[in-house]
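Asks: Have a look at the structure that comes next, please.
Computed from the coordinates by the stated procedures, all read-outs in this text should not be read as laboratory data. Everything quoted here is computed from the prediction, not taken from an experiment. Here the Cβ is made from the backbone with ideal geometry for all residues, glycine too, and neighbour counts use every protein chain on show.
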Amino acid sequence: MTAKEHRHNLHVLAEDGFCEFETKKYIMDALKPLGCELYEVGATGIIAYFDFGKSTVSAFRAEMDALPTGRKTGIDFASESTGFAHMCGHDGHMAMLLDFAGRISSESPTCNVMCVFQPAEEKRGGAESIVFSEEYERHRPERMFAIHLMPKLEKGRLFSRAGAICAGSSEVKATFFGDAVHITEPRRADAIGKAAEFYLAVMAGTEKDNVFLRFGMMSGGTAGNITPEKVEFSGTARYFSSRERRKCEALLSSAKNYGGDYVFTDYAPPVVNDKTLFRLSGCEKLPSPVLCADDFSVYGKRGAKTLYMFLGAGNVPPLHSPDFDFDEAVLSVGTEKFIALCKNEKISSTI
């Protein structure tokens, strides 16, 4: 089956993180005839291990989960899962990895190969469910690779860079409390006023410190003539170093100065590429890291040397938008890169 056919079939099966049961069944059925060791990790994760009698292991990851959104673009292989669709390219990533898995045994690799189909990249805990599993530890890889489709980059070209390539990400929340009374009552503890002062101070602080801390949701109140008992901001912090992360948390913690409280919850640290793997990869250099986050960084924290690559999708709508799509011809570029990485003796000896 071609990568394009796999992509169409997987797009139909779009499922939420840690609930990728039909997706898992499809992938398992595709992998079973390939003669690899197959491991079910947790409820929906999959590891396929190809033992070629080599001394090191290269691992390749694809994400399985879809986004809680619909699709605007009319296609004949639209998602059949109400409220979920593959708007981040994960269907394409799985398709490339399945295509690669189907070919690798005939390509004379210079390493053993692990294919990781990871659940819940869009949630917390997806990568951790793999790296802390007994199955991952059994064949713990020295190197880990991933490819992510990326709009606006030149179609069919692969880009990467040494060092940080994706931002670390934390979910942030700030909450302010007030008195719930009729709005004509004398001014009391005003949750909206506290929240507004905090918001303006934080926005000024992000410009001063040159860090990324933004809020995408604000909630509070029950009626226009009642002062709210609670006002809450929810958003995200993005950073490329522990120093930037500390600055973001310090700004958020200023909620206490306005009578509020805050929660700073880490999603994933920055994705940091190994310099040697990038040099040997043949990828074009990405000029600067991106603010997108990915829990692929967890594999690096667990000890594997990592290389994260972007596959240019050209002038298409942005990731996570309801009309994101791409030319499936680019998938073969990803498959060929995975194969080339497995056949490179210098890469296979990088530990």
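Asks: Between A162 and T82, take the C-beta separation as r, use R0 = 41 Å, and let me know the FRET efficiency to the nearest 0.05. Before the final figure, lay out the partial values.
Replies: Numbers: r = 43 Å, r/R0 = 1.04.
The pair A162/T82 has a calculated efficiency of 0.45.
Asks: Which order do C292, C115 fall in if you start with the one that has the fewest other Cβ atoms within 10 Å? Please list the in-between numbers first.
Replies: Working: C292 17, C115 25.
Lowest count first: C292, C115.
Asks: Starting from a Cα-only point model with no solvent, please compute log10 I(q)/I(0) by Debye for the chain at q = 0.12, 0.13 1/Å.
Replies: The Cα Debye sum returns log10 ratios of -0.88, -0.99.
Asks: Moving on to the next point. Going by alpha carbons, how many degrees (0 to 90, nearest 10) lie between the helix axis of 191-209 and the longest principal axis of the chain?
Replies: 50
Asks: Report, for the chain, the % of DSSP beta bridges that are antiparallel, rounded to 5.
Replies: Numbers: 43 of 66 bridges.
Close to 65 percent.
Asks: Can I ask one more? Tally the DSSP beta bridges in region 168-267 and give the antiparallel ones as a percent, rounded to 5.
Replies: Here the share of antiparallel DSSP bridges comes out near 100 percent.
Asks: Further question: Share of Cα-Cα pairs in region 186-298 beyond 24 Å, in percent? Walk me through the numbers before you get to the answer.
Replies: Values: 2582 of 6328 pairs.
The calculated P(r) of region 186-298 puts 41 percent of pairs beyond 24 Å.
Asks: For A340, what is the net charge nearby, where nearby means another residue's Cβ is under 15 Å from its Cβ and Lys, Arg count +1, Asp, Glu -1? All intermediate terms of the calculation are to be shown ahead of the outcome.
Replies: Details: positive: R103, R143, R157, R279, K337, K343, K346; negative: D99, E107, E284, E336, E345.
That sum, taken over residues with Cβ under 15 Å, equals +2.
Asks: How far is helix 3-12 tilted off the main Cα axis of the chain, in degrees rounded to 10, range 0 to 90?
Replies: Taking the Cα atoms of the chain, the angle to 3-12 is about 40 degrees.
Asks: Just tell me which lysines come within less than 29 Å, Cα to Cα, of K275; anything on the same chain fewer than 8 places away is out.
Replies: Within reach: K54, K123, K152, K155, K247, K285, K301, K305, K337, K343, K346.
Asks: Considering only C-alpha atoms, what is the centroid distance from region 291-351 to region 73-129, in Å?
Replies: Distance between centres, Cα-based: 11 Å.
Asks: How do V316, V263 line up, fewest other C-beta atoms within 10 Å first?
Replies: Ordered from fewest to most neighbouring Cβ atoms within 10 Å, V316, V263 come out as V263, V316.
Asks: What do you get for the angle between helix 21-31 and the principal long axis of the chain? Use alpha-carbon atoms, 0 to 90 degrees, nearest ten.
Replies: 20
Asks: Then there is this: Given R₀ = 25 Å, FRET efficiency for S242-L280 by Cβ-Cβ distance, to 0.05?
Replies: Values: r = 28 Å, r/R0 = 1.12.
My answer for the efficiency is 0.35.
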